[in-house]
Amino acid sequence: MYYVDGFVLAVPRRNLKTYRAMALKAAKVWRDHGAIEVVECVADDVKKGKHTSFPQSVKLKPGEVVVFSWITYKSRGARDRILAKVMKDKRLKDIMDPKKMPFDGKRMIYGGFKTMVDA
């Protein structure tokens with residue numbers, strides 16, 4: 001079964017074009033190093049919940065939208081190898097600077113997941 005890195009973050013709507021360009025560049029780097037799939041999704045039907053929700057998880061502010069994304073790998077070992085290469089890839093140097101990111105990285109939620117169902 002595959003291994004997945006998942007991400008949820010808040011992006012100011014005015015920065016979506018910049019975020020998309022950054023995501024396309026990063027996706028190419030991840031794919032070049034062996035990731036199977038890179039997917040970026042913008043919230044379309046995501047409401048604030050009473051107790052939990054995507055907007056609450058990233059402390060969504062007015063003028064922002066939730067972005068949900070994932071990267072798929074063949075295995076956890078493949079992910080670890082690919083991530084090590086990605087972090088050293090000079091093509092990402094300019095977009096890895098927290099001051100240049102089109103979103104607040106402190107509110108990004110991320111983690112690695114083992115696939116349980118792949119139907």
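Every number in this text was worked out from the coordinates using simple rules, so none of it is lab data. Note that the structure is a prediction, hence the values are computed from the model and not measured. Counting neighbours? That spans all protein chains shown, and the Cβs are built from the backbone with ideal geometry, glycine included.
Just a few scattered comments:
- Note, ³J(HN,Hα) from phi for region 43-57, Karplus 6.51, -1.76, 1.60, rounded to Hz, x at Gly and Pro: 4, 10, 9, 10, 9, 5, x, 6, 10, 9, 5, 4, x, 5, 5
- For the chain, the mean residue ellipticity at 222 nm estimated from helices alone is -8500 deg cm²/dmol, where every DSSP H run of n ≥ 4 contributes -39500 (n - 2.57) and the total is divided by all residues, rounded to the nearest 500.
- Relative to the dominant Cα principal axis of the chain, helix 16-32 is inclined by about 20°.
- Using the Karplus relation 6.51 cos²θ - 1.76 cosθ + 1.60 with θ = phi - 60°, the per-residue 3J(HN,Hα) values for region 84-98 come to 4, 5, 4, 5, 9, 6, 5, 5, 9, 3, 5, 9, 8, 6, x Hz, with x marking Gly and Pro.
- Only one item in (i) 104; (ii) 118; (iii) 175 matches volume of the Cα convex hull per residue in Å³ derived from the coordinates shown, and that item is (ii).
- Here the Karplus relation 6.51 cos²θ - 1.76 cosθ + 1.60, evaluated at θ = phi - 60°, turns the backbone of region 62-77 into coupling constants of x, x, 10, 9, 7, 10, 10, 9, 8, 10, 10, 10, 5, 6, 5, x Hz, with x for every Gly and Pro.
- Sorted on the mean count of surrounding Cβ atoms within 10 Å across their residues, most packed first, peptides 92-101, 18-27, 56-65 read 18-27, 56-65, 92-101.
- Charging the Cβ of each Asp and Glu at -1 and of each Lys and Arg at +1, and nothing else, the dipole of the chain about its Cα centre rounds to 420 debye.
- Relative contact order for region 3-114, counting Cα pairs under 8 Å that sit 6 or more residues apart, in percent: 49
- Under 5 Å between amide hydrogens, built in the peptide plane, is the criterion, and for residue 36 it picks out 72, 73, 74 among residues at least 5 positions away or on other chains.
- Residues whose amide H lies under 5 Å from that of residue 2, counting only those 5 or more places away or on a different chain, are 115; hydrogens are built 1.01 Å from N in the peptide plane.
- Local electrostatic count at residue 14 - Lys and Arg +1, Asp and Glu -1, tallied over other residues with Cβ under 13 Å: +3
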